[in-house]
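**Student:** Handing you a structure now.
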Amino acid sequence: MFGGVLVAATVAVVLPAALVALVLWLVTRRPSDDGGPVRAARRHELMVSSVALGASAVCAILLAAQPVVWPGWAPAPGLLQAVAPFTVALVFCAVRAVGERTWPRPSGEVRAAPLSRRTVGSLGGARLRVALGTAGVFAVVLVACGLTADASGRAFPTGPVALADGGVLTGASGPYPGWPYGVAMLLGLAATVVATWAALRSIVRRPPLHGVPAAHDDAVRATSAARLLGAVQLCLGVGLGATLAVSGNAVRSGGRNLLLNGAPDHGLVALGTILTVLGLAVAVASVVAGLLAARPHTAPAATGVATPAAA
């Protein structure tokens, strides 16, 4: 059903991406900034990000291993798999936020912090705008699918078409993400946006690192935000891409099965093909964006004045 197809498409992209991520990390890793405190801060950041990645990977594997069934509490079969991208993103955000509580706090009677004012928007930058844009498009796609689904909410309707003999031809093709899937996915999408904002806010509010220059502290903080948004973008993009591909397949199948004057409906076939190709492009682009976000940020080489964290 739809959930199973969605998870299969997700795993088909994510598993190769994991191998590419390993290669990319080995190739693009940069030497740590000079100074013991900076190296310790980067090690701590890598540990938090690795734990978050590991927890979300375990969540993804567990969800992918679940059978596609129709439990009594669900409005459609495969609903658990349909909301899997949001569940994985929520796990990553939750672990990331908890990890922020483990950063060492400044000690001593006198504390100082960089005077630059950080916000969620300034820290997230372009990656945050892209993630929010992806979420907005995802919501529009789910609403459009809900409005165009058949009465069951699980198939794309075609027809009615009047035949030459006076009959009427109708049909439906699926799986298709109508309201039985769309409502839960919209809720998951909203929860992911809120969780991303909360995790970003925890990074913004992170106390200055003890004995670390301000620019290096900002670089480590930017690395945390980029990795968080990269993971969220990967989940949202792959989920959106899979939804577009599944929807496009249903529309294309409906166009092929619906006879208009003895021929398929080429308009629906073309629309379905476009949706499928667009879904694949969105998924691949999001995977690439997520992988690029894993690269650590470095501070300008000219900075060398330490931020006083304690007297």
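The values are calculated or read from the model by the stated rules, or taken from the named source; none is laboratory data. Since this is a predicted model, take the numbers as computed values, not measurements. When we count neighbours, we look across all protein chains shown, and the Cβ atoms used for this are built from the backbone with ideal geometry, even at glycine.
**Student:** Looking at (1) part of a helix (DSSP H, G or I); (2) at pLDDT below 85, find the lone condition where Leu275 falls short.
**Tutor:** (2) is the only condition that Leu275 fails.
**Student:** Given the options Gly133, Gly124, name the one that is at pLDDT 85 or above, out of contact with any Ser or Thr (no Cβ under 8 Å at 6 or more places or on another chain) and crowded, with 22+ Cβ neighbours inside 10 Å.
**Tutor:** Checking each option against the conditions leaves just Gly124.
**Student:** A further question on this structure: Just give me the residues in the stretch 208-260 being closer than 18 Å to Arg96 by Cβ, assigned to a helix (DSSP H, G or I) and of a type in the set (A, V, I, L, M), in sequence order.
**Tutor:** Hits for the stretch 208-260 are Ala219, Val220, Ala222, Ala225, Ala226, Leu228, Leu229, Ala231, Val232, Leu234, Leu236.
The rows are residues; the columns are (1) surrounded by 24 or more Cβ atoms within 10 Å (Cβ to Cβ); (2) in contact (Cβ under 8 Å) with a residue 24 or more places away in the chain.
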{"residue": "Arg227", "(1), (2)": "yes, yes"}
{"residue": "Val246", "(1), (2)": "yes, yes"}
{"residue": "Val251", "(1), (2)": "yes, yes"}
{"residue": "Gly255", "(1), (2)": "no, yes"}
{"residue": "Gly267", "(1), (2)": "no, no"}
{"residue": "Thr273", "(1), (2)": "no, yes"}
{"residue": "Ser286", "(1), (2)": "yes, yes"}
